[in-house]
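Enquirer: Have a look at this one before I ask anything.
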Amino acid sequence: MGKIGSENFIRLILAIIFASLLIVGGMKSFKVLEKKTNAQVAVTESINRWKQSYKALQGVIVEWDKTYVKSASVRDIRAIISLIDIRSMGLSADMDNLVLTSASQVKSATNIDIGLSKICLGINSENFIIKASTYPELLKGIENLAHRKDIYLGNVSIQGELASPQAKIGDFCVFLRNE
Amino acid sequence: MSIFNKIKIKKTSSDKSSSLPFISSLAELTDFKKKRAILVGNSVFVSMRNVKMDGFANFKTRSATSLINGLFIKEPGKVFFSVNSELVRGAPKNIHFAIAADAYLDWGFKTKGSAILLGGVSSETETNLQVFFFEDGILVNLEERSIQGYLSPHYSETAATLIDKLLENSPGATVAYAAPLARFNDSLKDIEYVDDRIFRYLKYIDINVNEKVQSTNIKVPVGIALLGVLIYTLALGKGWSIYQNSISDYDESIKDPIVKLAGGVGGSLIDKIEQQRFFMLQSRNQIVLAEKTSSLVNAISKIREVRITDMSVQIPASPDTPIVQEKPDIKMVISVPKSEKSALDQGKEILEVISANTGLNLRMARQGWKDVEKRRVYILEGFFHG
């Protein structure tokens, strides 16, 4: 059995070791790439989830834009007056003396800005006074105002025993969206 | 081509003599001057089964498919090459041998689809055919056939019949026949002849004097090493391509115009929109305010003689803001005709009536009344409940 060389045997062992190293190395590289890939896939997946949520909320965005007017398009008091359109609700007010009493940013229950400004108004730095021809009309007008999503009413004070029915609205504000 | 001199072995092909040294018996090795020989015919036995044939010693074993293909196929099978023991024992020491069938296998592994290769050796009197059946580069069957020698007039005819038979069983297969078989006549000119070139890469080994053929150790290390390299590159390649795919998926995903429109991906945007949704949905207290005001006014107006001087309604405190207990939601100033009763008594009466009519719990404000001419003015306050 002379020719079974220790040489060949050594060669065999070396080859096996070399191959094993490559295999292990290959597996390691594979694992590294695998990790990177998993990380990448995770990011891509979270992006996709975000997109899903965003798409689902598109309806909200449309509703939002419909409900509130963009503040940039309301340049002055006149614009606010026409936005409020007091007459359409069966009321009248001394709009010529309308003044801005305060402005603030609306915050959510979780205390984040929702991109909405609250512009509060008064007449001659007093409460916002509205009038109507009859009390029922006044009350109806107040209900109409209350139903406007872009208008805020803080409190209402009906003044009785006057020739002409009127009410004072403390905290009369308009909501405008920032974008 | 002078290295491969005139062939002393008369058994090989007729016209265009092959210049390769084909050996089919020990006798042919007596005057053999070359360093290498290719074993064919009866000097070898090829089988797909590990059968010990009498008088034959194991020469080599290989897989029934190529190295690469073998990685993808489970158990492709094996091919066992044995050589005549006499030859092994009597062979001169410095000659290296290869088996023709080895090259036939290489041809078959490279050929796509179904293929049949006729190999072997022809002598004047007989032809020993080895028929190799391949499917997609894997040897699936091996048969031995015997037909006339090349000098017989029926040589080609018989071969043709045989080939037809084979094609019956494997229609559409590629049929070829290989050196050192003698050429067929023109009737079979469509059958491809695989010439000496396939023998170019044969590996010649030293047959040991003993029956145990010690040989392949040198090949094995290289084989294993190559396998390692292959696996490495495959693993890397596979891993790499998976990674590349994930990157392109990401690119695709982020390219979506929605992302640009939203100004990038971020949790806060979703939150904001959610909050906007809540804001729009929340029950609007001011509607309650307006409705209650209306109903109050209406209710009280029905009470005879009560006149409303002022009716102030406040939005009921929202659940989050701290409820200031003292500040009432409703404050009204009413007047009634003065009655004979005391202000207090009359007040109580009025309270009851109004409560009954409105369902509210009211009380008199501090110093809540005064007389104004013929009427008594009361200041009442109350809370909404729920």
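Bear in mind these aren't lab numbers, they're just calculated from the coordinates by the rules spelled out. Just so we're clear, the structure is a prediction, and the values are computed from it rather than from any experiment. Positions of Cβ are backbone-derived with ideal geometry, glycine not excepted, and every protein chain shown enters the neighbour counts.
Enquirer: Between B:Ser339 and B:Ser295, what's the calculated FRET efficiency when r is the beta-carbon distance and R0 is 25 Å? Round to 0.05.
Expert: So, using R0 = 25 Å, E works out to roughly 0.40.
Enquirer: Another question, if that's okay. Tell me, how many Å apart are the Cα centres for segment A:144-179 and for segment A:48-77?
Expert: Segment A:144-179 and segment A:48-77 have Cα centres spaced 25 Å from each other.
Enquirer: I've got another one for you. DSSP loop (so not H, G, I, E, B), at most 11 other Cβ within 10 Å: list which chymotrypsin sites (Phe, Trp or Tyr not before Pro) in segment A:1-71 pass both filters. Display every interim value, and only then the final one.
Expert: Working: sites: A:Phe9, A:Phe18, A:Phe30, A:Trp50, A:Tyr54, A:Trp64, A:Tyr68; in loops: A:Tyr68.
Here no loop site has a sparse enough neighbourhood.
Enquirer: Please tell me which of these pairs span more than 19 angstrom C-alpha to C-alpha: A:Lys55/A:Lys118; B:Lys34/B:Lys60; A:Lys35/A:Lys55; A:Lys131/B:Lys338; A:Lys66/A:Lys118?
Expert: Details: A:Lys55/A:Lys118 28 Å; B:Lys34/B:Lys60 22 Å; A:Lys35/A:Lys55 30 Å; A:Lys131/B:Lys338 30 Å; A:Lys66/A:Lys118 17 Å.
Where the Cα-Cα span goes over 19 Å, the pairs concerned are A:Lys55/A:Lys118; B:Lys34/B:Lys60; A:Lys35/A:Lys55; A:Lys131/B:Lys338.
Enquirer: Be a star and scan segment A:32-46 for residues whose amide nitrogen sits under 18 Å from the point 7 Å along the Cα-to-Cβ vector of B:Ile247.
Expert: A:32-45
Enquirer: With a ≥ b ≥ c taken as the square roots of the eigenvalues of the C-alpha gyration tensor of the protein assembly as shown, please select rounded if a/c is under 1.5 and otherwise prolate if a/b is larger than b/c or oblate if it is not? Show your work: numbers first, answer last.
Expert: Numbers: a/c = 5.68, a/b = 4.70, b/c = 1.21.
Prolate is the answer for the protein assembly as shown, as a/c is 1.5 or above and a/b outweighs b/c.
Enquirer: Please find the FRET efficiency linking A:Ser20 to A:Ala42, where r is the Cβ-Cβ separation and R0 is fixed at 41 Å, and quote it to the nearest 0.05. Can you show the working numbers first?
Expert: Working: r = 32 Å, r/R0 = 0.79.
Efficiency computed from Cβ-Cβ geometry: 0.80.
Enquirer: When only Cα pairs under 8 Å and 6 or more residues apart are kept, what is the percent relative contact order across chain A? Show your work: numbers first, answer last.
Expert: Working: 214 pairs, mean separation 36.2, N = 179.
Computed over chain A, the figure is 20 percent.
Enquirer: Once you put a point 7 Å from the Cα of B:Ser47 and another 7 Å from the Cα of B:Lys78, both along the Cβ direction, what distance in nm separates them?
Expert: With each label placed 7 Å out from Cα toward Cβ, I get 1.3 nm.
Enquirer: Follow-up. Going down the table (A:Lys70/B:Lys272; A:Lys70/B:Lys255; B:Lys348/B:Lys370; A:Lys140/B:Lys374; B:Lys52/B:Lys165), which pairs top 24 Å between alpha carbons? Can you show the working numbers first?
Expert: Values: A:Lys70/B:Lys272 17 Å; A:Lys70/B:Lys255 29 Å; B:Lys348/B:Lys370 14 Å; A:Lys140/B:Lys374 32 Å; B:Lys52/B:Lys165 30 Å.
Over 24 Å apart, Cα to Cα: A:Lys70/B:Lys255; A:Lys140/B:Lys374; B:Lys52/B:Lys165.
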